[in-house]
Amino acid sequence: MNPSRTPLIAGNWKMFHGGESSVPLAAGVVAFAKELSNVDVVVAPPFTALAAVSAEIDGSPVGLAGQNLYPKPEGAFTGEISGPFLKQCGCGWVIVGHSERRQHFNETDPIVADKVAAALGSGLVPIVCVGETLAQREGGETLRVVKAQVEAFLDVIAQSAVAVAIAYEPVWAIGTGKTAGPAEAEEVHAAIRTWLANKDPKLAERTRILYGGSVKADNAAALLACPNVDGALVGGASLDPGSFGAIARAAQAK
Ligand code: PGA
């Protein structure tokens, strides 16, 4: 396997553990991550906990991600956080275009593309999220929808030598306890890899395609065994170091 496709397990804490409780959670992640080899582990706490988590994971193999960024480096944008700020807080990564942001904060494909460019321009590795709704899946539109989402930022990632991550997260699987079966996930992951390869074979080789949506300790191994699943973006289960660690250990078997 291409070394840039080392399995990546990223924990999206969403709007949980924004204060003091972030520190013991981060410590729990460090404790299991130290014992792993050949798996990259990243956590994405709320902005308000980034500094504390950065201090806690310092010197450990755990990476730090923001959950979002504003596409401008600075300016009169009250309430927003830029890529350079995330970088200064110790982040190496940033989640972009999560479906909750697309749904609740009107993030469109062009906004997502701008954010991917801003992340790369700030020296952050974006984890760009794509995925269809239940109505789109039931309407047989999954591949059309996901392709349009990927195409929106394809030129941006093709112009960069950075190995970005794309997270395929079916919206109907997020926080619902429903996951795509391994075959359903692999179908979309393989399609994404093909679209990347059509643009540039090297882009397809270096891009990690993560699965997300109700990944748990008991379903992770089957999903991670799929040839085009290079890791997982984990929400709920990342809030417990026991289950997050079990998912990361499942990735070691890849
Ligand atoms: P979940 O969230 O694991 O709680 O479904 C995944 C995500 O939203 O990234």
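Full extension of the chain between A183 and T48 gives 44.8 nm of extra length, using 0.36 nm per residue less the Cα-Cα distance. Taken as entire DSSP H runs, the helices of the chain that both span 24 Å or more between Cα atoms along their own long axis and average -1.0 or more on the Kyte-Doolittle scale are 182-199. Listed values for the stretch 203-216 are Karplus-derived 3J(HN,Hα) couplings in whole Hz (6.51 cos²θ - 1.76 cosθ + 1.60, θ = phi - 60°), namely 5, 5, 6, 8, 7, 8, 10, 9, 9, x, x, 6, 6, 10, and x replaces Gly and Pro. Between S238, T133, P61, the Cα set farthest toward the positive side of the dipole of the chain (charges on each charged residue's Cβ, about the Cα centre) is that of P61.
Bridging of K34 to lysines at a Cα separation below 22 Å is possible for K216, K254, once same-chain residues fewer than 8 apart are set aside. Structure remark: mean-square fluctuation, Gaussian network model of the chain, C-alpha springs under 10 Å; the largest value among G59, G28, G242 belongs to G59. Close amide H pairs (under 5 Å, H built 1.01 Å from N) link G231 with L8, Y211, residues at least 5 positions away or on another chain. Each Lys and Arg contributes +1 and each Asp and Glu -1, all at the Cβ; summed about the Cα centre of the stretch 168-232, the dipole is approximately 180 debye. Its Cα centre serving as origin, the stretch 59-206 has a Cβ charge dipole (Lys and Arg +1, Asp and Glu -1) of approximately 280 debye. Here each label is just a point 7 Å from Cα along the line to Cβ, and for D240 and Q103 those points are 2.2 nm apart. For the chain, the relative contact order works out to 22 percent when only alpha carbon pairs closer than 8 Å and six or more residues apart are counted. Take the alpha carbon atoms of the stretch 31-47, find their center, do the same for the stretch 135-192, and report the distance between the two centers in whole angstrom. After rounding, the separation between the Cα centres reads 23 Å. Dipole check for the chain: with +1 at the C-beta of Lys and Arg, -1 at the C-beta of Asp and Glu, and the Cα centre as origin, the magnitude is about 300 Debye. Annotation: the chain has a Kirkwood hydrodynamic radius of 17.8 angstrom, from the mean reciprocal C-alpha pair distance.
In order along the stretch 11-18, phi translates into HN-Hα couplings of x, 9, 6, 6, 9, 10, 6, x Hz, rounded to whole numbers, per the Karplus curve 6.51 cos²θ - 1.76 cosθ + 1.60 with θ = phi - 60° and x for Gly and Pro.
No value in this document is a laboratory result; all are computed from the given coordinates. Source: prediction; values computed, not measured. Note that each Cβ is placed from the backbone with ideal geometry, even for glycine, and that neighbours are counted across all protein chains shown.
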